[in-house]
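The values are calculated or read from the model by the stated rules, or taken from the named source; none is laboratory data. Given the structure is predicted, the values throughout are model-derived calculations rather than measurements. So basically every Cβ, Gly included, is an ideal-geometry build from the backbone, and we count neighbours across all protein chains shown.
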Amino acid sequence: MAILSARRRSAAISVAAVAGLAAAGVGLAVGGASAGTVSGSLYRDPSSAVVRWVAANPGDSRAAVIRDKIASQPQARWYANFNPSTIQSEVSAFIGAANSAQQIPVLSVYEITNRDCGGASAGGAPDLNQYQTWVSNFARGLGNQTVLIILETDSLALQTCLSTSELNARNQALTTATQTIKSGNPNAKVYLDGGHSTWNSANDTANRLRAAGVQYADGFFTNVSNFNPTSSEANFGRAVISALNGMGISGKRQVIDTSRNGGAAGDWCADDNTDRRIGQYPTTNTGDANIDAYLWVKPPGEADGCRYTAGSFQPDLAFSLANGAPNPPTTAPPTTNPPTTAPPTTAPPTTAPPTTAPPTTPPPAGNGCSASVAINQWNGGFTASVNVTAGSASINGWTVTVALPGGAAITGTWNAQASGTSGTVRFTNVGYNGQVGAGQTTNFGFQGTGTGQGATATCAA
């Protein structure tokens, strides 16, 4: 599930502070010739939270590592507040600075009505008519040079709260938004939500993309909501592209968020995670014809909302991500000065279901199945990752019964259908994960309030 809150970045960084980054020898990731459809260097936002923290804390023992390996890198600027009267000028200022530097900006739009299905990241435009007004104003600020648009994280991967009519309306809104952005700037590259490799299946993802107008977009993005390895995301992307080709939709490309996928160990929630590392540095030079760019869409060091306030920059998180990571490529810094006024309102990206973990119980014999549950607890809530493992023969359909502790209540589920919200809850497979090969494991998860510690799970095939 998505976990974020909109925040106002109210401080401005001085010209001297950014100049200090360059003087310290900090390199900026640059993309050269690309195997995909995008080439050129990506724009580094001189007003990002991490740049401002480095400038304000030069004596901090963590500052050098955070400066060199995170603050030096181009990251997405998020637009998540409903501000139709000012969004054009905000976007225009950001685009103008990137164009002056002759670099490619990355903008993440997070404004869809009923985003996050009313969960922790609830917000967005009050209705879809007002959403289109906001998008139209946004598009007017995009200029006419290459920009990369990450359009509505989780809007397609997370649809559990939408009725059929609401889903149809959202798909039409995303189609219209794509066309509006393309009309405003024909050189804009627009990517729709592809979830990630451990959420929905490739065929399901392709169907959702088609319904939302991917034929008018340049492709799709993945891994903004997770930490899956780049190789897994690339394989998933190829499967999605193949499925789209089978639908008569060709020429689409993938972009992958590599901001936090440099290590696979540890808790899925980055707030409590000290085992993950930043992944590949941002670049358009992917060497893969299917992939337009590796991007840092989720800003490293900004919290997910489990232990710290969602969206807040936490230097200990940034340091844990950067410490021990390889040094970035070294190139010349941007050629333009940073703005001297406060940056526009932005918001951090989201997180979603945990990735599949190895089972903690042995597979059963015969035609049965087993289930194991792992709880990630924080103050007032938790997420659960449940593994379903087939026995010595494959199974076609499963039901997992989870006994929750008293006071715990489920607020959301992924990769399964739930019956009940408290006490003893039964989960059944969805269409794409009911068949499990002998000795193989599939995964689902849920989020809840209260205490999940002590939950137990049993499985029947």
message = I'd like to verify a number: residues in region 151-175 that are outside any helix (DSSP H, G or I), of a type outside the set (S, T, N, Q) and either within 19 Å of F220 (Cβ to Cβ) or in contact with a Lys or Arg (Cβ under 9 Å, 6 or more places away or on another chain) (or both), how many?
response = 7
remark   = When region 275-320 is checked residue by residue, the ones that are touching a helix residue (DSSP H, G or I) at 6+ places or on another chain (Cβ under 8 Å), hydrophobic (A, V, I, L, M, F, W, C) and outside any loop (DSSP other than H, G, I, E, B) are I291, F313, L317, A318, F319
query = Do the conditions hold for A80, that is, is it buried (at least 21 other Cβ atoms within 10 Å of the Cβ), farther than 15 Å from W296 by Cα and among the aliphatic types (A, V, I, L, M)?
reply = yes
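Identify, from the list T205, T258, T178, the residue that is β-branched (V, I, T), within 21 Å of L128 (Cβ to Cβ), assigned by TED's automatic domain parsing to the domain that holds P300 and buried (at least 24 other Cβ atoms within 10 Å of the Cβ).
The match here is T178.
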key: Hey, N429 surrounded by 14 or more Cβ atoms within 10 Å (Cβ to Cβ) and either under 18 Å from T383 (Cβ atoms) or acidic (D, E) (or both) or not   = no
request  = Mind counting the residues in region 209-225 that are touching a helix residue (DSSP H, G or I) at 6+ places or on another chain (Cβ under 8 Å), surrounded by fewer than 24 Cβ atoms within 10 Å (Cβ to Cβ) and in contact (Cβ under 8 Å) with a residue 40 or more places away in the chain?
outcome  = 3
query = So which residues in region 179-208 are without any contact (Cβ under 8 Å) to a residue 60 or more places away in the chain and under 19 Å from the mean Cα position of the chain (by Cα)?
reply = V190, L192, D193, S197, A202, T205, A206, R208
query = What residue, of P74, P46, P84, is in contact (Cβ under 8 Å) with a residue 12 or more places away in the chain and either more than 17 Å from P282 (Cβ to Cβ) or touching a His at 6+ places or on another chain (Cβ under 7 Å) (or both)?
reply = P84
task = Output the residues belonging to region 60-81 that are at pLDDT 95 or above, over 19 Å from A98 (Cα atoms) and assigned to a loop (DSSP other than H, G, I, E, B).
result = D60, S61, R62
ask   = Quick one: is G27 part of a loop (DSSP other than H, G, I, E, B), assigned by TED's automatic domain parsing to the domain that holds W78 and at pLDDT 95 or above?
value = no
Among the residues listed as S231, S250, S259, the single one being closer than 30 Å to K69 by Cβ and free of Cβ contacts under 8 Å to residues at least 24 places away in the same chain = S231
message = Just to be sure I understand the filter: pairs with C-beta atoms under 6 Å, separated by 6 or more residues or on different chains, first member in region 89-102 and surrounded by 15 or more Cβ atoms within 10 Å (Cβ to Cβ), second member assigned to a helix (DSSP H, G or I). Which pairs pass?
response = V91/F138
request  = Just name the residue that is nearest to N285 (Cα to Cα) out of those in region 104-161 that are of a type in the set (D, E) and touching a strand residue (DSSP E or B) at 6+ places or on another chain (Cβ under 9 Å).
outcome  = E152
